[in-house]
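The values are calculated or read from the model by the stated rules, or taken from the named source; none is laboratory data. As the structure is a computational prediction, the values presented were derived from the model and not from experiment. Please note: Cβ atoms are built from the backbone with ideal geometry, for glycine as well, and neighbour counts cover all protein chains shown. In case anyone asks, the SASA skips ligands and DNA or RNA and just uses the protein heavy atoms, side chains included. Shrake-Rupley method; radii C 1.70, N 1.55, O 1.52, S 1.80 Å.
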Amino acid sequence: MFRPPWYLRSGHLQTVITGFYRPIVDLPPRIAHRCPLGDSLGHMLVHENSPEQPSDRPAVLLLHGLGSSHEGTYMTNIAAGLV
């Protein structure tokens with residue numbers, strides 16, 4: 001269970017602070033996949049990070065909200081923990 005430090009109890013403060021402090025996470029190189037969504041809907045861009053050593057562990061799909069991206073601090077930290 002996630003327990004923020006005492007000075008970051010507010011979710012709003014956690015969101016704002018990541019705009020100023022972005023820890024550098026070392027992820028394996030990513031592969032971008034364009035997935036068509038159908039007629040006139042465009043496409044979805046999927047970024048794949050795979051571990052360097054093959055594994056029999058299951059795959060995980062992380063989805064971010066509309067206000068974030070695959071480079072968001074929480075997305076890269078979760079991905080680093082899973083990879």
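If the condition is being part of a strand (DSSP E or B) and either under 14 Å from residue 79 (Cα atoms) or in contact (Cβ under 8 Å) with a residue 40 or more places away in the chain (or both), then the range 34-60 contributes 46, 47, 48, 49. Hey, among the residues in the range 66-83 that are open to solvent by 60 Å² or more (accessible area, probe 1.4 Å) and touching a residue at least 12 places away in the same chain (Cβ under 8 Å), which one's nearest to residue 18 (Cα to Cα)? Across the range 66-83, the extreme among qualifying residues is 74.
The residues of the range 41-65 that are open to solvent by 60 Å² or more (accessible area, probe 1.4 Å), modelled with pLDDT of 85 or more and among the small types (Gly, Ala, Ser) amount to a single one, 59.
Given the structure, is residue 63 farther than 29 Å from residue 13 by Cα, out of contact with any Leu (no Cβ under 8 Å at 6 or more places or on another chain) and without any contact (Cβ under 8 Å) to a residue 24 or more places away in the chain? So residue 63 fails the test.
Given the structure, is residue 79 under 23 Å from residue 15 (Cβ atoms), in contact with a strand residue (DSSP E or B) (Cβ under 8 Å, 6 or more places away or on another chain) and of a type in the set (A, V, I, L, M, F, W, C)? In short, yes. When the residues of the range 6-33 are filtered to those that are more than 18 Å from the chain's Cα centre (by Cα) and at pLDDT below 85, the one that is farthest from residue 75 (Cα to Cα) is 7.
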